Structure formats: structure tokens, C-alpha cells
Amino acid sequence: MRLPIAVTVAAVLSVALAGPAAAKGKPNPADFSFLATINCGTGPIAVGSTEDLYAPLVNLATAKRYRPVAWDVSGDGFHFVDATKGATKKHAVECSYVDELVSGSVTLKKF
């Protein structure tokens, strides 16, 4: 009798653990303030971003998150440059950034 209980428990646990992973789907572009394209040297990546400069950029195809640590962008009549302490540390990569208002570069901390 113990074997069927063990099998049942294993099946329930595998469904419970797989549930959150399966529920994670593509982000909804409508959830973001800006839709942008970044390119870190491997080709363009469509990302969603919010009005918080240092909130993660979210890959719209894979839901991977990228953490900005520095910005150097220009728009209609302005130029914006800002960085956090982590901008110059190891494991950061500079990427091009373009959205409907600005273009320039964003430095991302690799996860």
C-alpha cells in the first residue's frame, strides 16, 4: 500500500512544482510604459520598460530580466546621463537602446 501513496505524492509534487514554471509565460507589452529594443552584440531584443530608470528591462519573448546600471540617452532636445555604483563593476555590458522617445546606450548588469 505504501507504493501507491508514494507514487501519488510524487505526482502531486511534480505538478505543484511545474505549475509556477508553466504559468510563467510571455510578458504582456501593455504592462509596460515603454517598448524598446536593446542590442548587446547578439542582435536586437524587444524589451518592456517602466518609468523607473533602474527597474529591470523585461525580454518580451522570454521574460528574461536585465538590470540597468547606467544610461546615456538622448531625445528631442535633451541628453540624459546617469549611473549607479555598479555601473563600472565587472559583469556589466553596454547595449544600444531605442524606444519611442530616446536612443543611446544602457549598461546592463549580467544576471
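The values are calculated or read from the model by the stated rules, or taken from the named source; none is laboratory data. This is a predicted model, so every value here is computed, not measured. Ideal geometry is used to build each Cβ from the backbone, glycine not excepted, and the neighbour counts take in all protein chains shown.
Restricting the first residue to the range 19-31 and requiring it to be in a helix (DSSP H, G or I), which pairs with a second residue that is modelled with pLDDT of 95 or more and among the aliphatic types (A, V, I, L, M) meet a Cβ separation below 9 Å and a spacing of at least six or different chains?
Sorted first by the residue in the range 19-31, then by its partner, the pairs are Pro29/Leu35; Pro29/Ala46; Pro29/Leu60; Asp31/Val58.
Taking the range 70-91 on its own, how many of its residues are part of a loop (DSSP other than H, G, I, E, B) and touching a Gly at 6+ places or on another chain (Cβ under 6 Å)?
Residues flagged as part of a loop (DSSP other than H, G, I, E, B) and touching a Gly at 6+ places or on another chain (Cβ under 6 Å) within the range 70-91 amount to 0.
Determine if the range 92-105 includes at least one residue that is within 18 Å of the chain's Cα centre (by Cα), modelled with pLDDT of 95 or more, outside any strand (DSSP E or B) and not hydrophobic (A, V, I, L, M, F, W, C).
Yes, that holds for at least one residue.
With (1) more than 22 Å from Lys26 (Cβ to Cβ); (2) in a strand (DSSP E or B) as the list, and Arg67 as the residue in question, which single condition is left unmet?
With respect to (1) more than 22 Å from Lys26 (Cβ to Cβ); (2) in a strand (DSSP E or B), Arg67 is out only on (1).
Please specify each residue of the range 64-86 satisfying the condition of being farther than 12 Å from Leu53 by Cβ and of a type in the set (Gly, Ala, Ser).
Passing the criteria: Ser74, Gly75, Gly77, Gly86.
Might you check whether a residue that is out of contact with any Leu (no Cβ under 6 Å at 6 or more places or on another chain) and either closer than 15 Å to Cys95 by Cα or modelled with pLDDT of 95 or more (or both) occurs anywhere in the range 14-30?
Yes: the range 14-30 contains one or more residues that are out of contact with any Leu (no Cβ under 6 Å at 6 or more places or on another chain) and either closer than 15 Å to Cys95 by Cα or modelled with pLDDT of 95 or more (or both).
Go through the range 65-111 and report how many residues are loosely packed, with under 13 Cβ neighbours inside 10 Å and of a type in the set (Asp, Glu).
Counting residues in the range 65-111 that are loosely packed, with under 13 Cβ neighbours inside 10 Å and of a type in the set (Asp, Glu) gives 2.
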